[in-house]
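Please read the structure below before turning to the comments.
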Amino acid sequence: MGALWGSVFLQADESFPATRDDTVMAVGDQAYLDLDVFWGCYGLAAEWITPGKRPSFTCAWTQIEMEVDSREISYNGQRVFMGSEVIATETGWAIDRIDAEKVLAPLLSPSIYRATAREVKTIVLDAGHGGKDGGTANAGRKLKEKTFTIDVVKRIGGILSQQGYNVVYTRRDDTYLSLAERALVGKEAGADFFVSRHFNAAGKKTVKGVGDLCDDALASAIHLQSRSALE
Ligand SMILES: [Zn+2]
């Protein structure tokens, strides 16, 4: 992990913009942050890759590329997807406040999040799909995603239990659960960490890798670890 965090060094100052209402603008029912204000807190310099379309933000250790009207950003060469698109505003561009708080800030200042992180004791493992919901399928080989998710989740659970974690499963057999029911298991267990296991399918054999939907710095770190484990 040391090398991983070596690539990011920045500390947000005390007036992190996502906590200041005067920098937030309402667009529809979403709250957006002006990107210039946001980057200013981290000391990143802005320049255009494509004028009016692709801004880039850099310092010695970090390079972030964004695109107006896109959720996809490049963070030190790695593809990261935000929840909402970058939008153009009258004065520049803006990002959703939740993306600023939950996606970008943990990437840019992980030390802040590590300092406040609680110890992980209870991990809820969620095997995607189940029962009537088979997930994606390999029709030719009659394989369903739900079979692989439960298999992998049980293996991961065994390893984590051995390491002393309190492991809770959303399902242990071929049962259908709604998303709300899965979330409730996590809530009732007092989960410190919730991992939902899925497998994606693609038409091309060249497509491979790990994709994570994550909502905080720890999940981002685990994604980077799983990626480097694959490479
Ligand atoms: Zn799935």
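The values are calculated or read from the model by the stated rules, or taken from the named source; none is laboratory data. Keep in mind it's a predicted model, so treat the numbers as computed, not measured. Heads up, the Cβs are rebuilt from the backbone with ideal geometry, glycines too, and the neighbour counts pull from every protein chain shown.
Before moving on, here are some points about what is shown:
- For region 51-71, the set of residues classified as in contact with a Gly (Cβ under 8 Å, 6 or more places away or on another chain) and basic (Lys, Arg) consists of ARG71 only.
- Apart from one condition, GLY52 fits all of (1) part of a helix (DSSP H, G or I); (2) at positive phi; the exception is (1).
- In region 114-122 there is at least one residue matching the filter, namely being of a type in the set (Lys, Arg) and assigned to a loop (DSSP other than H, G, I, E, B).
- Subset of region 157-194 that is of a type in the set (Val, Ile, Thr) and more than 16 Å from the ligand (Cβ to nearest atom) - its residue that is surrounded by the most Cβ atoms within 10 Å (Cβ to Cβ): VAL167
- Output for region 121-156, where each listed residue is more than 16 Å from the ligand (Cβ to nearest atom), surrounded by fewer than 19 Cβ atoms within 10 Å (Cβ to Cβ) and within 18 Å of ALA183 (Cβ to Cβ): THR122
- Single unsatisfied condition, GLN78 versus (1) loosely packed, with under 14 Cβ neighbours inside 10 Å; (2) of a type in the set (S, T, N, Q); (3) in contact with a strand residue (DSSP E or B) (Cβ under 6 Å, 6 or more places away or on another chain): (3)
- Extreme residue, modelled with the highest pLDDT, among residues of region 28-39 that are outside any loop (DSSP other than H, G, I, E, B) and out of contact with any Asp or Glu (no Cβ under 9 Å at 6 or more places or on another chain): ASP34
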